[in-house]
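Undergrad: The following block contains the structure, expressed as structure tokens.
The values are calculated or read from the model by the stated rules, or taken from the named source; none is laboratory data. If you're wondering where the values come from, they're calculated on a predicted model, not measured in any experiment. Cβ: placed from backbone, ideal geometry, glycine included. Neighbour counts: every protein chain shown. These accessible areas exclude ligands, DNA and RNA; they are computed on the full protein's heavy atoms, side chains included. Shrake-Rupley method; radii C 1.70, N 1.55, O 1.52, S 1.80 Å.
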Amino acid sequence: MAKRKAMSKQTLVINPVTRIEGHGKVTIQLDEQGKVADARFHVTQIRGFEKLCEGRPFYEMPSLMARICGICPVSHLVASAKACDAILATRIPTTAVKLRTVLNLAQLVQSHALSFFHLSSPDFLLGMDSDPARRNIFGLAEAHPKMARDGVRLRQIGQQIIEKLAGKRIHPAWVVAGGVNEPLAVETRDQILAVLPEALQIATGALDWFKTVLDQFREEIRTFANFPTYFLGLVSPTGELEHYNGFFRVVDSRGNIVADKLDVLNYADIIGEACEPDSYLKSPYYKPRGYPEGIYRVGPLARLNIADRCGTPRADQEWAEFRELDRGAVLSSFYYHYARLIEIIYGIERMEQLLQAPDILSKHVRAFAGTNNPEGIGVTEAPRGTLIHHYKVDDNGLIVWANMIIATGHNNLALNRGVLQVAKHFINGTKIEEGMLNRVEAVVRAFDPCLSCSTHALGQMALQVQLLAPDGEVLDELRR
Amino acid sequence: MSKARVATLWLDGCSGCHMSLLDMDERLLELAGKIEMVFSPLVDQKEFPENVDVALVEGAVSSDEDLEKILKVRARSKLLVSLGDCAVTANIPSMRNPFKVKDVLDRAYIENATLNPGAPVDAVPTLRPQARPIHEFVNVDVFVPGCPPSADTIYFVLAEILEGRVPDLGAKTRFGA
Ligand code: SF4
């Protein structure tokens with residue numbers, strides 16, 4: 001026993017991780033020399049959605065499942081409605097597909113704006129090592145009022161589009177099994193089209209600015225979860241960026257397509273879910289490569305890595321420039337921020353295309369049917385990545401089983417490895433400094449994990465740092 | 001005038017109530033002149049501070065950690081606001097109450113797992129048998145129903161409190177609003 005005590009390994013705990021959407025914590029293990037040996041990211045809440053829906057009529061599911069997450073309720077609404085469409089075994093009107101797509105893109109814009117401006121830009125503008133008491137959206141509002149106002153405005157535009165289409169910004173009831181429950185009015189369409197140019201201006205301005213400061217973050221780019229993984233997501237049948245429908249495509253770190261045109265209904269053939277004893281968040285992996293070699297990433301970075309182009313003019317230009325960053329796939333997770341800004345531009349341009357087509361005003365927006373299929377799967381791209389809802393119902397249409405794989409979950413393995421990489425690079429056990437911990441948190445922020453979603457079945461996360469002796473004794477602790 | 005010390009906390013909720021708070025948009029930046037956000041998922045403070053004037057709490061009490069947090073928040077805050085249906089009635093989280101905790105965990109970590117099935121046990125809080133509203137554990141000063149309460153409602157609540165009044169929400173919101 002004396003021997004075990006002698007090699008005094010230590011553990012740092014960061015609890016809670018802040019400026020992320022939810023509650024998580026990080027533990028960092030130090031070896032005898034005070035070097036980082038291991039690091040883990042834990043999600044610390046479970047909400048039980050896969051169970052609590054049991055016995056509910058399936059047509060309640062979109063509204064209920066939206067309550068998994070107030071940040072991206074539309075993603076759950078849409079994925080859930082698609083699973084319910086499959087239970088109806090009906091083909092929904094094409095206009096309904098387009099309207100749901102616009103709604104989904106509006107949410108992409110607001111959620112990415114929240115991640116970039118409200119949560120992460122304080123690190124870029126005020127500095128990773130700046131005063132933690134001011135390093136937030138309010139501090140930003142004082143030091144860089146234009147940036148703060150732009151962020152608030154861009155998110156507002158996204159939220160207003162959702163409100164105009166669906167009647168309410170958070171948890172609207174417009175998306176239903178079979179389509180949507182109201183067609184789009186001409187005036188509403190015109191109001192939405194009228195605000196898009198301003199949104200585009202803010203987004204392109206932010207991207208132009210971000211490209212000029214990238215150089216200041218070379219060290220972060222090099223170390224923020226910058227390693228080879230697979231990338232997974234949906235693409236359209238022609239290989240373009242796609243957030244509503246489409247097929248699975250998987251590429252490797254060199255950018256080679258390893259699987260393509262996979263039907264989303266067969267998700268369980270390519271995605272396995274592993275449990276870890278220290279997190280409520282499960283760790284999905286790419287099944288053909290096993291665990292944990294099948295580590296993959298989803299979300300904006302993955303989507304830009306798997307697509308052949310975006311499919312809208314300005315976003316395509318930016319995409320081409322973005323893909324020059326690396327020879328194969330773009331690997332540094334710091335570039336999630338960059339990818340997010342390009343996707344905002346794509347979202348705005350694509351909404352404009354969809355809203356300008358005359359059939360968007362069709363009155364035929366909902367199909368009616370009963371329970372025709374005992375099982376339904378709905379897959380979409382949420383702001384943070386691929387979202388899968390899978391339900392089974394009985395003859396009366398009551399839910400008997402549900403499984404959800406959420407965007408943040410897919411990234412769990414990469415997030416953990418990223419935390420380890422940053423910790424190894426920035427932390428030296430002899431002294432804990434606030435700025436180095438903020439970098440550990442910043443890599444978490446780059447993934448923009450949605451812990452509200454992660455906690456659908458899973459947990460909240462948080463950050464607190466402790467030095468622990470191997471016997472668990474707390475040697476040092478840092479909280480902010 | 002010194003700024004009011006405001007905190008926001010998230011227990012077992014979906015963050016929708018926090019998002020509705022953000023939906024105050026430019027009014028949020030305007031409020032920044034009158035309040036200091038001393039603890040919130042939006043700022044980097046890690047430990048709930050002493051002497052908080054107003055604490056807005058979203059979500060139900062579901063785990064032992066939630067309970068610990070709400071007791072601390074109550075002890076350190078002058079005014080505690082139960083924000084949204086989950087805080088006020090336990091709303092969505094309470095839908096797991098008819099099931100045993102073990103069944104909830106088994107669904108996620110045994111039935112719906114491909115590898116290493118088993119519910120997590122290290123470094124994670126323990127679920128309480130039921131998700132319950134906040135006021136079952138601590139005194140609540142203001143109840144704000146809604147799922148989520150609208151940004152206008154939240155703004156009204158904050159503005160009234162900053163003026164030293166207890167907001168009358170009779171006509172402003174309702175459950176499920
Ligand atoms: S009241 Fe509604 S919006 Fe607020 S946390 Fe609960 S489910 Fe989310």
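Undergrad: Check B:L158 against each of (1) within 15 Å of the ligand (Cβ to nearest atom); (2) over 15 Å from B:G13 (Cα atoms) and name the one condition it does not meet.
TA: Condition not satisfied by B:L158: (1).
Undergrad: Let me ask another. Output the residue which, of all residues in segment B:105-127 that are at pLDDT 80 or above and under 22 Å from the mean Cα position of the chain (by Cα), is farthest from the ligand (Cβ to nearest atom).
TA: B:T126
Undergrad: Could you check, for segment A:403-419, whether at least one of its residues is modelled with pLDDT of 80 or more, within 25 Å of A:K82 (Cα to Cα), within 11 Å of chain B (Cβ to nearest Cβ) and surrounded by fewer than 23 Cβ atoms within 10 Å (Cβ to Cβ)?
TA: Checked segment A:403-419: at least one residue is modelled with pLDDT of 80 or more, within 25 Å of A:K82 (Cα to Cα), within 11 Å of chain B (Cβ to nearest Cβ) and surrounded by fewer than 23 Cβ atoms within 10 Å (Cβ to Cβ).
Conditions tested, residue by residue: (1) touching an Asp or Glu at 6+ places or on another chain (Cβ under 7 Å); (2) more than 12 Å from the ligand (Cβ to nearest atom).
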{"residue": "B:K3", "(1), (2)": "yes, yes"}
{"residue": "B:H18", "(1), (2)": "yes, no"}
{"residue": "B:D23", "(1), (2)": "no, no"}
{"residue": "B:L29", "(1), (2)": "no, yes"}
{"residue": "B:M37", "(1), (2)": "no, yes"}
{"residue": "B:L42", "(1), (2)": "no, yes"}
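Undergrad: Considering (1) more than 15 Å from the ligand (Cβ to nearest atom); (2) within 18 Å of A:G139 (Cβ to Cβ), say which one B:S63 fails and leave the rest.
TA: Status for B:S63: all satisfied but (2).
Undergrad: Mind listing whichever residues of segment B:36-57 are in a strand (DSSP E or B), touching a helix residue (DSSP H, G or I) at 6+ places or on another chain (Cβ under 7 Å) and at the interface with chain A (Cβ under 9 Å from one of its Cβ atoms)?
TA: B:M37
Results for (1) within 12 Å of another protein chain (Cβ to nearest Cβ); (2) in a helix (DSSP H, G or I), shown as yes or no for each residue.
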{"site": "A:L108", "(1), (2)": "no, yes"}
{"site": "A:F117", "(1), (2)": "yes, yes"}
{"site": "A:D123", "(1), (2)": "yes, yes"}
{"site": "A:P132", "(1), (2)": "yes, no"}
{"site": "A:R135", "(1), (2)": "yes, no"}
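Undergrad: Being within 7 Å of chain A (Cβ to nearest Cβ) and either touching a Lys or Arg at 6+ places or on another chain (Cβ under 6 Å) or surrounded by fewer than 21 Cβ atoms within 10 Å (Cβ to Cβ) (or both) is true for just one of B:D23, B:D64. Which residue is that?
TA: Every option except B:D23 fails the conditions.
Undergrad: Do we find that B:D66 is acidic (D, E) and more than 29 Å from B:S20 (Cβ to Cβ) in this structure?
TA: no
Undergrad: Being more than 21 Å from the chain's Cα centre (by Cα) and not basic (K, R) is the filter here; which residues of segment A:144-159 pass it?
TA: Within segment A:144-159, A:H144, A:P145, A:M147, A:A148, A:D150 meet the criteria.
Undergrad: In addition: Condition first: of a type outside the set (S, T, N, Q) and open to solvent by 10 Å² or more (accessible area, probe 1.4 Å). Now tell me which residues in segment A:59-84 satisfy that.
TA: If the condition is that a residue be of a type outside the set (S, T, N, Q) and open to solvent by 10 Å² or more (accessible area, probe 1.4 Å), then A:Y59, A:E60, A:L64, A:R67, A:K82 are the ones that fit.
Undergrad: For A:A302, are the conditions met, namely being part of a loop (DSSP other than H, G, I, E, B) and assigned by TED's automatic domain parsing to the domain that holds A:R189?
TA: Values: part of a loop (DSSP other than H, G, I, E, B): no; assigned by TED's automatic domain parsing to the domain that holds A:R189: yes.
Judged against the criteria, A:A302 is not a match.
Okay, residues lined up against (1) at pLDDT 95 or above; (2) open to solvent by 10 Å² or more (accessible area, probe 1.4 Å):
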{"site": "A:A199", "(1), (2)": "yes, no"}
{"site": "A:R222", "(1), (2)": "no, yes"}
{"site": "A:P228", "(1), (2)": "no, yes"}
{"site": "A:L232", "(1), (2)": "yes, no"}
{"site": "A:V250", "(1), (2)": "yes, no"}
{"site": "A:N256", "(1), (2)": "yes, yes"}
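Undergrad: Considering only residues that are assigned to a helix (DSSP H, G or I) and farther than 25 Å from A:A113 by Cα, which ones fall in segment A:184-200?
TA: If the condition is that a residue be assigned to a helix (DSSP H, G or I) and farther than 25 Å from A:A113 by Cα, then A:V186, A:E187 are the ones that fit.
Undergrad: Determine, yes or no, whether A:V176 is open to solvent by 20 Å² or more (accessible area, probe 1.4 Å) and of a type in the set (V, I, T). Walk me through how you get there before you give the answer.
TA: On the way: open to solvent by 20 Å² or more (accessible area, probe 1.4 Å): yes; of a type in the set (V, I, T): yes.
The answer is yes for A:V176.
Condition check ((1) within 11 Å of chain A (Cβ to nearest Cβ); (2) open to solvent by 30 Å² or more (accessible area, probe 1.4 Å)) across all residues:
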{"residue": "B:K100", "(1), (2)": "yes, yes"}
{"residue": "B:R107", "(1), (2)": "yes, no"}
{"residue": "B:A119", "(1), (2)": "yes, yes"}
{"residue": "B:R128", "(1), (2)": "no, yes"}
{"residue": "B:V142", "(1), (2)": "no, no"}
{"residue": "B:P145", "(1), (2)": "no, no"}
{"residue": "B:I154", "(1), (2)": "no, no"}
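Undergrad: In segment B:130-155, which residues are more than 16 Å from the ligand (Cβ to nearest atom) and either β-branched (V, I, T) or on the phi > 0 side of the Ramachandran plot (or both)?
TA: Within segment B:130-155, just B:V138 meets the criteria.
Undergrad: Mind checking which residues of segment A:144-183 are more than 16 Å from the ligand (Cβ to nearest atom), in a helix (DSSP H, G or I) and either more than 12 Å from chain B (Cβ to nearest Cβ) or on the phi > 0 side of the Ramachandran plot (or both)?
TA: First, the residues of segment A:144-183 that are more than 16 Å from the ligand (Cβ to nearest atom): A:144-158, A:160-161, A:164-165, A:174-183.
So of that shortlist, the ones also in a helix (DSSP H, G or I) come out as A:145-158, A:160-161, A:164-165.
Residues satisfying the conditions are A:I161, A:K164, A:L165.
Undergrad: Take the conditions more than 15 Å from the ligand (Cβ to nearest atom), in contact (Cβ under 8 Å) with a residue 24 or more places away in the chain and crowded, with 21+ Cβ neighbours inside 10 Å and apply them to B:S77. Does it pass?
TA: yes
Undergrad: Conditions: (1) modelled with pLDDT of 90 or more; (2) away from the ligand (no atom under 16 Å from the Cβ). A:A141 meets all but one. Number of the miss?
TA: Result: A:A141 passes all but (1).
Undergrad: Another question, then. Could you say whether any residue in segment B:81-92 is of a type in the set (S, T, Y) and either facing chain A (nearest Cβ under 7 Å) or within 16 Å of the ligand (Cβ to nearest atom) (or both)?
TA: Step one: filter segment B:81-92 for residues of a type in the set (S, T, Y), giving B:82, B:89.
Going one step further and asking which of them are either facing chain A (nearest Cβ under 7 Å) or within 16 Å of the ligand (Cβ to nearest atom) (or both), we end up with B:82, B:89.
Checking segment B:81-92: at least one residue is of a type in the set (S, T, Y) and either facing chain A (nearest Cβ under 7 Å) or within 16 Å of the ligand (Cβ to nearest atom) (or both).
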